[in-house]
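The values are calculated or read from the model by the stated rules, or taken from the named source; none is laboratory data. Just so we're clear, the structure is a prediction, and the values are computed from it rather than from any experiment. Here the Cβ positions follow ideal geometry from the backbone for every residue, glycine too, while neighbour counts run over all protein chains shown.
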Amino acid sequence: MVFFNFFHPEAGSILPASTILRSQRSEEQRMPSVAGRKVEAAKEGRCVPALRDFRLRCSGGQDGWQAVPFHYVYILRSASRPEQTYVGLTDDLKARLAKHNEGGSPHTSKFRPWEIETAVAFTSRDKAAAFEAYLKSGSGHEFRRRHF
């Protein structure tokens with residue numbers, strides 16, 4: 001499970017806070033070594049953790065890496081009426097936010113525009129659906145209020 005607290009529009013995707021907060025210079029210094037480690041590990045038949053591309057997972061694939069689809073449970077907050085929130089589940093967070101802001105959902109069209117307050121990434125669709133259901137429950141409302 002991966003926690004995110006904001007959407008970074010320039011990157012076009014959801015990024016962990018540590019990625020956003022790194023300076024450009026430190027990121028440039030880290031990238032060659034990460035890329036080199038991946039290639040080295042693939043040649044030797046072993047895997048190393050991906051520091052930047054959090055969608056890669058070590059597996060038995062040809063080069064040792066495979067893309068992992070994420071399922072996002074997200075909490076939206078209305079920019080026009082901040083007391084209004086919405087909890088949802090999607091595989092494409094950027095497209096889903098755009099649909100909410102275009103008025104594609106009857107409930108959310110009344111409180112446009114929306115901003116992502118929190119997004120949680122799961123590799124398991126079942127766990128994501130269970131967490132979404134929890135956040136929509138009575139105790140989940142209180143959990144959201146206290147922690148997000």
*Can you tell me which residues in region 97-148 are among the polar types (S, T, N, Q) and within 20 Å of the chain's Cα centre (by Cα)?*
N101, T118, T123, S124
*Of the residues that make up region 95-113, is at least one of a type in the set (F, W, Y), under 20 Å from H71 (Cα atoms) and in the same structural domain as I75 (by TED's automatic domain parsing)?*
no
*What strands (runs of 3 or more DSSP E) completely inside region 62-102 contain at least 3 residues that are in contact (Cβ under 8 Å) with a residue 24 or more places away in the chain and touching a strand residue (DSSP E or B) at 6+ places or on another chain (Cβ under 7 Å)?*
71-78, 85-90
